[in-house]
Each structure stands twice: as C-alpha cells, then as structure tokens.
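The values are calculated or read from the model by the stated rules, or taken from the named source; none is laboratory data. Not measured: the values here are computed from a predicted model. In this analysis, Cβ positions are derived from the backbone assuming ideal geometry, glycine residues included, and neighbour counts consider all displayed protein chains.
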Amino acid sequence: MRSNRIVQKLIAGVDEVGRGPLAGPVIAAAVILDETKPIEGLADSKTLSAKRREELSVLIKERALCWALGRAEVEEIDRINILQASLLAMQRAVATLSLPPALVLVDGNQAPELGCPVQTVVRGDISIPAISAASILAKVTRDAEMCELDSRFPGYGFSKHKGYPTAAHLRALEKQGVSSIHRRTFGPVRELLNKF
C-alpha cells in the first residue's frame, strides 16, 4: 500500500522577507508541508507575534516534508536591484529543497524562473498554508540575523527595527554614517552618501 507521503503532490510555498529595509540581506524560504501533519495557526508572519512566529518556526521545521532558505546579499541587491535579488533568493531556496516540487506557489505577483511549474498568488501568505509557513521561516531567520548584526554594528538599532527605515534608524544613519551592510542604492542611504 502506498503511503500518503508518496502520493501527495509536492507543492512548495515560497515567500521572502526584507524588500523594504535599508540594510541587511533579503531572505526567502521554500516549504513543502506534509498533509498528514497539519500545523495549526499558520498565517502571514507580519500578523503574528515574535513569540508565536518562533513557536511555529519550530513546528514547521519538525513537520514539513522539507524546507530550505535562500538569500541575496546587500552587494547583490545594490547590483541587480531589490526585485531581482528577491527573485534570486527565491530561486536559491527552491533549488536547495531536498525534494523536487511538482508546483511552486509564490507570494505576490512576481515569480522567479524555476525548473518546474510556478504560480503567483497575491496575498498568498494569508490564504496558502505553505506560503504562510515560508513567510514565517524567512522572517524568523532574517530577524535573528539582524539581531546578530546589531552586536556587530552597534548604534543603529538593528535588533529593534530590523533595518527598516524608522525614524530612529534614519537618525542613527545621520549620526553614524553608512555601514557596510546598508544598501547603497536605497533612497535615504544614497542621499546620505551623496552629501559627501
């Protein structure tokens, strides 16, 4: 008798985190959920508390058939633009999955080129559990990395705003200048560099 795991169509959900920040990488995740091991409470990562995201991240890693992360670094973002870097991070996440998906569902309206069928789903992180799971893994991973970068680049407040252009971050940029993990092609950073 064939198990559900074998007959289940392998559908990967993909999402990225980090398009809007002025600093740090963009990180994508790809997740193929196991239909026999449902996870309650999957939702858009932005609507969940940090504690709940952490809890769900553990469950996703334990129960998913497979999951993977991909990233694009600040230098790549500045070289090819944030959209292309986001798509590249998604490609890298899908390429790293231990099981080849039959279909990839991507949050939003822009899809990376993949070696398998791919569909975009606007607001998919709300409606598609596998995309919700990917958004959670990507956000937990990126947030943890920005907290680590906070200790390496003190004074910017990365552990609080995660690189997003908050008033506190913009004040810190004015005071301390541009660090090596800031995206030089992003407006506020570029404007500051042009002053010198």
TODO: Kindly provide the set of residues from the range 133-167 that are among the polar types (S, T, N, Q) and touching a residue at least 12 places away in the same chain (Cβ under 8 Å), ordered by number.
DONE: Ser135, Thr141, Ser159
- [ ] Being touching a strand residue (DSSP E or B) at 6+ places or on another chain (Cβ under 8 Å) and free of Cβ contacts under 8 Å to residues at least 60 places away in the same chain is the filter here, so list the residues in the range 33-76 that pass it.
- [x] Cys66, Ala68, Gly70, Arg71, Ala72
Task: Of residues in the range 66-85 being of a type in the set (Val, Ile, Thr) and under 16 Å from the mean Cα position of the chain (by Cα), the one farthest from Val104 (Cα to Cα) - done: Val74
Open item on the list: I'd like to verify a number: residues in the range 1-32 that are among the β-branched types (Val, Ile, Thr), touching a strand residue (DSSP E or B) at 6+ places or on another chain (Cβ under 8 Å) and either surrounded by fewer than 24 Cβ atoms within 10 Å (Cβ to Cβ) or at pLDDT below 95 (or both), how many?
Closed with: 1
TODO: Of the conditions (1) more than 17 Å from the chain's Cα centre (by Cα); (2) outside any strand (DSSP E or B), Gln119 clears all except one; give me its number.
DONE: (2)
Task: Residues being of a type in the set (S, T, N, Q) and part of a loop (DSSP other than H, G, I, E, B) - total across the range 42-88 - done: 2
Open item on the list: Please pick out the residue among Arg52, Arg19, Arg63 that is among the charged types (D, E, K, R) and within 14 Å of the chain's Cα centre (by Cα).
Closed with: Arg19
Open item on the list: Scan the range 152-171 and tell me whether some residue there is touching a Phe, Trp or Tyr at 6+ places or on another chain (Cβ under 6 Å) and farther than 21 Å from Arg52 by Cα.
Closed with: no
Open item on the list: Considering only residues that are within 22 Å of the chain's Cα centre (by Cα) and assigned to a loop (DSSP other than H, G, I, E, B), which ones fall in the range 180-196?
Closed with: Ser180, Ile181, Arg183, Arg184, Thr185, Phe186
- [ ] For residues that are outside any helix (DSSP H, G or I) and either hydroxyl-bearing (Ser, Thr, Tyr) or surrounded by fewer than 15 Cβ atoms within 10 Å (Cβ to Cβ) (or both), tally how many sit in the range 144-166.
- [x] 5
Open item on the list: When the residues of the range 103-115 are narrowed to those that are of a type in the set (A, V, I, L, M, F, W, C) and within 17 Å of the chain's Cα centre (by Cα), which ends up surrounded by the fewest Cβ atoms within 10 Å (Cβ to Cβ)?
Closed with: Ala111
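Table: residues versus (1) within 18 Å of Asp34 (Cα to Cα); (2) in contact with a helix residue (DSSP H, G or I) (Cβ under 9 Å, 6 or more places away or on another chain); (3) modelled with pLDDT of 95 or more; (4) not acidic (Asp, Glu).
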position	(1), (2), (3), (4)
Leu114	no, yes, yes, yes
Ala134	yes, yes, yes, yes
Thr141	no, yes, yes, yes
Met146	no, yes, yes, yes
Asp150	no, yes, yes, no
- [ ] For the range 95-102, state whether one or more residues are part of a helix (DSSP H, G or I) and under 17 Å from the mean Cα position of the chain (by Cα).
- [x] yes
